[in-house]
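Peer 1: One structure, as structure tokens, below. Some questions next.
FYI, it's all coordinate maths here, none of it is from the lab. No experiment lies behind these values; they were computed from the predicted model shown. FYI the Cβ positions are ideal-geometry reconstructions off the backbone, even for glycines, and counts take in every protein chain you see.
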Amino acid sequence: MKPQVNAFFDEATNTISYVVRDPNGSACAVIDSVLDFDYSSGRTDTRSADAVVNFVEKEGLDVQWLLESHVHADHLSAAPYIQERVGGKIGIGERITVVQDTFGKVFNEGTEFQRDGSQFDKLFEEGDSFQIGQMRGDVMHTPGHTPACLTFVIGDAAFVGDTLFMPDFGTARCDFPGGSSETLYASVQKILALPDETRIFVGHDYKAPGRDVYAWETTVGEQKALNIHIGAGKSAEEFIKMRDARDATLAMPKLIIPSLQVNMRAGHMPEADEQGNVYLKVPVNKL
């Protein structure tokens, strides 16, 4: 089956959100939504999420799933806002509990922060399947960037989150807590074992040098042949050496501190105080 895919690009975070629709009906899923956040003022905005909601309402779609490929470190999830507006169950990989435990300690969350994934409606495991109307989705556990990364294979399309970028940009960083370049290499091999014609939809694009436009759709065949980090039969040893050296030069994403605190809560803000005020913490010398 060939799902209908509509992409929504957020230039502020270079994130692509997707509405994936059953071609034979109105059922759909939203993948990796964005809540706009201005760090300097601490203000949120729903422009990006409203673009998705407006599309869903205009097309008369039935949102069944709000899928997260992983706990994003570069943008806040808008899943609860979209759920409130148009419905859908929020799903993520079952190893979210590892991420919650790790960053619960980093942000000194205390015992009131549940580390069992209960903030989400569904925790997916390797090999799970789910339905979007009459269309089946399959879950691949593809860690390496984070321990909880998933690839959603829906019909002839694979939504890989941050695991792979466009072939001219390469692969995800692996230096976050719980990340591993060795593990990422193995995960990418699972994706590249899909049929060559499988459409791949990436979670971010940054316009590789020499490319003037943003892009987010490629194929397994193109990745195998052309990916600058892992294509053309590069060995695990070559990849690990390159990836680890490159990661050592990278700065932290500018929204990592608010993103992790919100996204490990399924897109919810930390609990408000007695006056109704919400606060995010800034750990010093922890990341």
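Peer 1: Classify segment 1-156 as rounded, prolate or oblate from the Cα gyration tensor: take a ≥ b ≥ c as the square roots of its eigenvalues, call it rounded if a/c is under 1.5, otherwise prolate when a/b beats b/c and oblate if not. Intermediate values should be presented prior to the final figure.
Peer 2: Numbers: a/c = 1.90, a/b = 1.24, b/c = 1.53.
Oblate, since a/c reaches 1.5 and b/c is not below a/b.
Peer 1: If you don't mind, another one. To make sure I understand, if each residue's beta carbon is the centre and we count other beta carbons within 10 Å, what order do His229, His145 fall in, fewest to most?
Peer 2: In increasing order of surrounding Cβ atoms, one gets His229, His145.
Peer 1: Taking a cut-off of 19 Å, what percent of all Cα-Cα pairs in segment 78-146 are separated by more than that?
Peer 2: Values: 1110 of 2346 pairs.
Summing the P(r) of segment 78-146 above 19 Å gives 47 percent of all pairs.
Peer 1: Also: Are any of the pairs Lys190/Lys254; Lys254/Lys286; Lys2/Lys122; Lys89/Lys122; Lys224/Lys254; Lys190/Lys224 more than 19 Å apart by Cα-Cα distance, and if so, which?
Peer 2: Details: Lys190/Lys254 30 Å; Lys254/Lys286 15 Å; Lys2/Lys122 25 Å; Lys89/Lys122 7 Å; Lys224/Lys254 31 Å; Lys190/Lys224 12 Å.
Going by Cα-Cα distance, Lys190/Lys254; Lys2/Lys122; Lys224/Lys254 fall outside the 19 Å limit.
Peer 1: Output the relative contact order of segment 1-67, whole-number percent, from Cα pairs under 8 angstrom with separation of 6+ residues.
Peer 2: Numbers: 104 pairs, mean separation 19.0, N = 67.
Computed value for segment 1-67: 28 percent relative contact order.
Peer 1: Specify which residue in the list Pro143, His229, Pro177 is farthest towards the positive end of the charge dipole of segment 4-258, using unit charges on the beta carbon of Lys, Arg (+1) and Asp, Glu (-1), about the Cα centre.
Peer 2: Working it through, the farthest residue towards the positive pole turns out to be His229.
Peer 1: How large is the helix-only mean residue ellipticity at 222 nm for the chain, computed as the sum of -39500 (n - 2.57) over DSSP H runs with n ≥ 4, divided by its residue count, in deg cm²/dmol to the nearest 500? Walk me through the intermediate numbers first.
Peer 2: Values: 7 runs with 71 residues, N = 287.
Estimated from H runs of four or more residues: -7500 deg cm²/dmol.
Peer 1: Taking each pair of different alpha-carbon atoms in segment 205-287 once, compute 1/r for the pair, average those values, and report the inverse of that mean as the Kirkwood hydrodynamic radius in Å to one decimal. Present the calculation step by step, with values, prior to reporting the outcome.
Peer 2: Working: mean 1/r = 0.0591 Å⁻¹.
Result for segment 205-287 stands at 16.9 Å.
Peer 1: Still on this structure, I have one more. Among rounded, prolate and oblate, which fits segment 101-206 when a ≥ b ≥ c are the square roots of the eigenvalues of its C-alpha gyration tensor, a/c under 1.5 means rounded, and a/b larger than b/c means prolate? It would help to have the intermediate numbers written out before the result.
Peer 2: Numbers: a/c = 2.36, a/b = 1.33, b/c = 1.77.
Oblate, since a/c reaches 1.5 and b/c is not below a/b.
Peer 1: Let me ask you something else. In Å and from the alpha-carbon atoms only, list the Rg and Dmax of the chain.
Peer 2: 18.1, 58
Peer 1: Right, here's the next one. Only Cα pairs under 8 Å and at least 6 apart count here; give the relative contact order of the chain as a rounded whole percent. Mind dumping the intermediate values first?
Peer 2: Numbers: 609 pairs, mean separation 49.9, N = 287.
About 17 percent, as a whole number.
Peer 1: Rounded, prolate or oblate, given the Cα gyration tensor of segment 151-261, with a/c below 1.5 counting as rounded? Intermediate values should be presented prior to the final figure.
Peer 2: Working: a/c = 1.43, a/b = 1.25, b/c = 1.14.
Since a/c stays below 1.5, the shape of segment 151-261 is classed as rounded.
Peer 1: Using the Cα centre as the reference, give the magnitude of the dipole from point charges on the C-beta atoms of segment 4-258 (Lys, Arg: +1; Asp, Glu: -1; all else neutral), rounded to the nearest 20 debye. Display every interim value, and only then the final one.
Peer 2: Values: 22 positive and 39 negative charges, 56 e Å.
That gives a dipole near 260 debye.
Peer 1: Next up: Averaging the inverse of every distinct alpha carbon separation and then flipping it gives the Kirkwood radius. What is it for segment 189-246, in angstrom units?
Peer 2: Working: mean 1/r = 0.0793 Å⁻¹.
Its Kirkwood hydrodynamic radius stands at 12.6 Å.
Peer 1: Could you state the number of Å between the C-alpha centres of segment 110-154 and segment 26-40?
Peer 2: 17 Å
Peer 1: Amide H of Gln4 versus every other amide H placed in the peptide plane: which residues, excluding those fewer than 5 positions away on the same chain, fall under 5 Å?
Peer 2: Counting only residues 5 or more places away or on other chains, the set is Arg21.
Peer 1: Provide the per-residue ³J(HN,Hα) series for segment 108-115, in order, calculated from phi with Karplus coefficients 6.51, -1.76, 1.60 and θ = phi - 60°, each as a whole number of Hz, with x at glycine and proline positions.
Peer 2: So the Karplus estimates, Gly and Pro as x, are 6, 6, x, 6, 6, 7, 6, 10 Hz.
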